[in-house]
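Undergrad: Questions regarding the structure given below will be posed in turn.
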There are 2 protein chains.
Amino acid sequence: MSYTVHEVAELSGVTIKTLYHYQKIGLLMPESIAENGYRYYGDKELKRLQQILFYRELEFSLENIKNALDNEPDRLNCLREQYSLIKAREQRHAHILRTLEETIQHEEKGVPMSKEKMFNGLNKKEWEEAIAGQNEHLQEKYDYKIDTSEIDADAMNKKANEAAEFMSFMVTSLKNGVSVNDKSVSDAIEKHIKFMQQDMSIDANGFAAQTRFLMTDDFHRKMMEDQQTGLSYYICFAAENYAGKLI
Amino acid sequence: MSYTVHEVAELSGVTIKTLYHYQKIGLLMPESIAENGYRYYGDKELKRLQQILFYRELEFSLENIKNALDNEPDRLNCLREQYSLIKAREQRHAHILRTLEETIQHEEKGVPMSKEKMFNGLNKKEWEEAIAGQNEHLQEKYDYKIDTSEIDADAMNKKANEAAEFMSFMVTSLKNGVSVNDKSVSDAIEKHIKFMQQDMSIDANGFAAQTRFLMTDDFHRKMMEDQQTGLSYYICFAAENYAGKLI
DNA sequence: TATAATCTCTTACCTCAGGTCGGAGTCAAA
DNA sequence: TTTGACTCCGACCTGAGGTAAGAGATTATA
């Protein structure tokens with residue numbers, strides 16, 4: 001099955017000019033070119049175009065897209081990677097949305113807002129710095145930045161701070177679809193338990209029991225679920241999984 | 001309070017060059033210009049810049065932003081409008097994400113996908129046409145399009161329908177903080193299992209095992225978590241709880 | 001079969017939202 | 001007074017296309 005420029009344009013919503021452009025920069029070549037110069041695209045080309053558009057949607061430069069597709073010729077891997085990138089972008093947008101909500105609330109009450117908060121999530125420079133070193137995999141490969149900094153740290157004292165950090169990490173993991181089996185999750189739990197051990201006697205099983213209580217108890221569950229839907233269940237699973245591993 | 005270009009750049013993450021550019025096109029003028037030519041911005045300008053960035057995030061052209069801000073000088077209205085636009089964009093992204101998911105599933109099974117479906121949500125032309133005449137308010141004012149074609153109910157057969165109904169019920173319960181112990185949850189699971197028993201042999205324990213698999217398997221968990229954060233964990237708990245009760 | 005309407009190719013130039021570079025003036029601190 | 005950081009402004013560059021125009025190809029209609 002082969003398609004004319006017009007048909008491809010119609011199907012994909014891209015203009016003929018854009019197809020020509022992609023050909024010129026070697027991003028998407030026609031399957032064949034007739035003697036009269038007419039270009040025809042096949043199924044393989046349509047699939048590649050689809051992937052180009054997914055990446056374009058993520059604001060990759062055409063050059064980056066070319067690299068991504070050429071370095072990862074396995075379509076399924078590409079698609080999965082695009083999936084997690086889109087998920088990552090969602091976080092940034094959630095951040096911006098929160099800033100917008102906060103701004104509306106401040107404006108409604110007529111209370112002035114801190115200048116830093118005003119640009120939370122919008123300030124690309126800032127969060128690119130804040131997350132330097134994180135998510136190396138995607139960053140190296142795509143130069144794509146992921147927003148993971150959520151809480152304002154120094155507003156809390158040390159204890160609350162550690163707890164909030166742990167929670168925020170779990171929220172991020174939950175939102176990113178990280179398995180409770182993942183080493184990063186186990187590590188976080190281990191660290192959290194060690195911290196708690198500074199002023200109380202608790203072990204992995206005790207912690208698991210505690211999280212199960214937090215999940216079953218209506219009041220505490222509500223507190224956690226308000227922070228992030230699903231959090232109480234996730235943490236409980238993670239804690240039980242961690243305790244189970246130690247046996 | 002007034003800020004130098006450097007300070008504004010630092011706060012907002014925008015470059016000095018961009019500030020200059022905005023000044024040149026009359027989008028954001030400094031509050032004052034000293035005799036030495038230095039430009040200074042006040043609180044009012046920072047607020048305007050914030051709004052510019054919200055709009056820019058929504059891919060409005062600078063000219064459109066100028067019009068939007070000049071025609072709607074009421075900040076609160078602007079912010080609210082931006083809020084609904086961002087919400088609308090979320091829909092479009094959800095659409096794209098679904099196309100990506102479907103593509104992954106087709107690719108996994110090696111089944112070819114219809115060419116139209118391949119570009120669902122990506123085809124801007126298409127959804128601009130599909131919603132012609134709708135959302136006139138925003139379109140007239142901003143030339144911004146909203147994706148409204150979301151659910152194609154009759155596209156699903158009965159089976160998928162029941163599953164979707166069950167899932168949607170669980171999502172609602174999770175979001176409302178309903179305990180997995182709650183009778184409504186047990187009842188829904190019972191009903192769902194009975195339905196499945198029509199064409200397969202499964203019991204409460206089998207179902208619990210299945211949900212645990214869905215939670216532990218990276219790909220399936222991703223699918224569920226995408227629908228609602230925490231869903232895979234909630235359903236697994238609920239299923240295990242239901243199976244446990246029967247003993 | 002002739003003609004009109006549509007499609008296609010290619011090149012040259014335009015646009016938008018900035019980035020880069022360079023020269024020159026300005027300011028604060030050592 | 002000199003150094004280093006900050007600022008201004010203009011000229012030119014970039015990416016991802018859009019527009020316009022001339023010319024050949026194909027298809028539909030008279």
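Undergrad: Output, in nm with one decimal and in ascending order, the distances from the A:Gln227 label point to the matching label points of the other copies (7 Å from Cα along Cα-to-Cβ).
TA: 2.6
Undergrad: Here's something else I'd like to know. Distances in nm, one decimal, shortest first, from B:Arg80 to the same residue in every other copy, taking the label point 7 angstrom along Cα→Cβ.
TA: From this label point to the equivalent ones elsewhere in the assembly: 4.6 nm.
Undergrad: Taking the Kirkwood radius as the inverse of the mean 1/r across Cα pairs, report the Rg/Rh of the range B:3-71. Before the final figure, lay out the partial values.
TA: Working: Rg = 11.6 Å, Rh = 12.1 Å.
Using Cα coordinates only, the ratio equals 0.95.
Undergrad: Residue-wise, which Karplus ³J(HN,Hα) couplings in Hz belong to the range A:25-32, taking 6.51 cos²θ - 1.76 cosθ + 1.60, θ = phi - 60°, and x for glycine or proline?
TA: Working through the residues one at a time gives 8, x, 7, 9, 8, x, 5, 8 Hz.
Undergrad: Could you list which residues have their amide H under 5 Å from that of A:Asn120, counting only those 5 or more apart in sequence or on another chain, with H placed in the peptide plane?
TA: For A:Asn120, no residues qualify.
Undergrad: Further, regarding this structure: For the cross-link pairs A:Lys87/A:Lys191; A:Lys87/A:Lys175; A:Lys109/B:Lys87; A:Lys109/B:Lys44; B:Lys24/B:Lys44; A:Lys24/B:Lys17, which exceed 20 Å when the distance is taken from alpha carbon to alpha carbon? The partial results should precede the final answer.
TA: Values: A:Lys87/A:Lys191 27 Å; A:Lys87/A:Lys175 9 Å; A:Lys109/B:Lys87 23 Å; A:Lys109/B:Lys44 17 Å; B:Lys24/B:Lys44 18 Å; A:Lys24/B:Lys17 31 Å.
Violating the 20 Å Cα-Cα cut-off are A:Lys87/A:Lys191; A:Lys109/B:Lys87; A:Lys24/B:Lys17.
Undergrad: In nm, one decimal, shortest first: how far is the label point of B:Gln23 (7 Å from Cα along Cα to beta carbon) from the matching points in the other copies?
TA: Between copies, matching label points for B:Gln23 lie 4.6 nm apart.
Undergrad: Here is a follow-up. What number comes out for the charge environment of A:Glu31, summing +1 per Lys or Arg and -1 per Asp or Glu over other residues with Cβ under 10 Å away? Please report the intermediate quantities before stating the final value.
TA: Working: positive: A:Arg39, A:Lys44; negative: A:Asp43, A:Glu45.
Result for the neighbourhood of A:Glu31: 0.
Undergrad: Across peptide A:12-25, what mean number of C-beta atoms from other chains lies inside 10 Å of a residue's C-beta? Can you show the working numbers first?
TA: Details: counts 9, 10, 5, 1, 0, 0, 0, 0, 0, 0, 0, 0, 0, 0.
Counting other chains' Cβ atoms within 10 Å and averaging over A:12-25 gives 2.
Since every read-out is calculated from the coordinates, none of them should be taken as a lab result. None of these values were measured; they are calculated from a predicted model. Cβ coordinates were reconstructed from backbone atoms using ideal geometry, including for glycine residues, and neighbour counts include every protein chain displayed.
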